[in-house]
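A short worksheet on the structure shown next.
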Amino acid sequence: MPVALASSMADPAFRATLTQAVRSTPVVFADGSMTAVLGERWSAKARPTSSTLEAEGVAAYRADDALWQLGLALVPATVVPHLTDDFRWGRLYAGVATAPTQPAIGVASGSAVVLSPGGASVSGASVVVADGSVASSWVSTNGALGASGVVLHVFGSGERLAR
């Protein structure tokens, strides 16, 4: 649960222990918000419920929606779990707008990014990498994010991630 994780992530001892565990363990599995905290920034906003899914999907395109918090920066990117099931495409674009020189990685439910010394690959349905290095982004008068020039790379199971 993202909200509960926010208080733990605010504790320097917890952050240090988690970072050391990830760096020293041969295999790490992370799901949901724990996946997101491995990146540079993550959103502590709660996952939408079935009754709020549509409204939250629209809200994710607002510049002030993500409530970004510092992640562990073990992955030099914004990582967005549950990309398709939770309609988090707006969060993916918000990650690009926040740090255009870093990729935003969207992980579909039932998918994983497998990190190894040789690079990163996909296990499961799909992973999307949004590259904003040549993009322009802005905030409209109604608070909605706008972007042009974002390049989306889509990877399927077994493919190596590239930017």
³J(HN,Hα) computed for each position of segment 69-81 - Karplus, 6.51 cos²θ - 1.76 cosθ + 1.60, integer Hz, glycine/proline x: 10, 5, x, 7, 6, 6, 10, x, 6, 8, 10, 10, x
25 °C / 0.890 mPa s Stokes-Einstein diffusion coefficient of segment 17-74, Kirkwood radius on C-alpha pairs, µm²/s: 190 µm²/s
Hydrodynamic radius (Kirkwood) for segment 93-155, which is based on Cα pairs only, to one decimal in Å: 12.7 Å
222 nm mean residue ellipticity, helices alone, for the chain (DSSP H n ≥ 4; -39,500 (n - 2.57); rounded to 500): -7500 deg cm²/dmol
Relative contact order (%) - segment 88-133, alpha-carbon pairs under 8 angstrom, separation at least six: 42 percent
Accessible area of segment 68-163 belonging to carbon and sulfur atoms, whole % at 1.4 Å probe: 59 percent
Average accessible surface area per residue within the chain, 1.4 Å rolling probe, Å²: 52 Å²
Segment 1-118 - Debye-derived log10 I(q)/I(0), Cα point model, q = 0.15 Å⁻¹: -0.64
Pair-distance profile P(r), taking every C-alpha pair of segment 77-122, with 5 angstrom steps and integer %: 5, 24, 25, 22, 18, 6, 1
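The values are calculated or read from the model by the stated rules, or taken from the named source; none is laboratory data. Just so it is clear, the model here is predicted, and its values are computed rather than measured. To get the accessible areas, we keep the full protein, side chains included, count just its heavy atoms, and leave off ligands, DNA and RNA. Shrake-Rupley method; radii C 1.70, N 1.55, O 1.52, S 1.80 Å.
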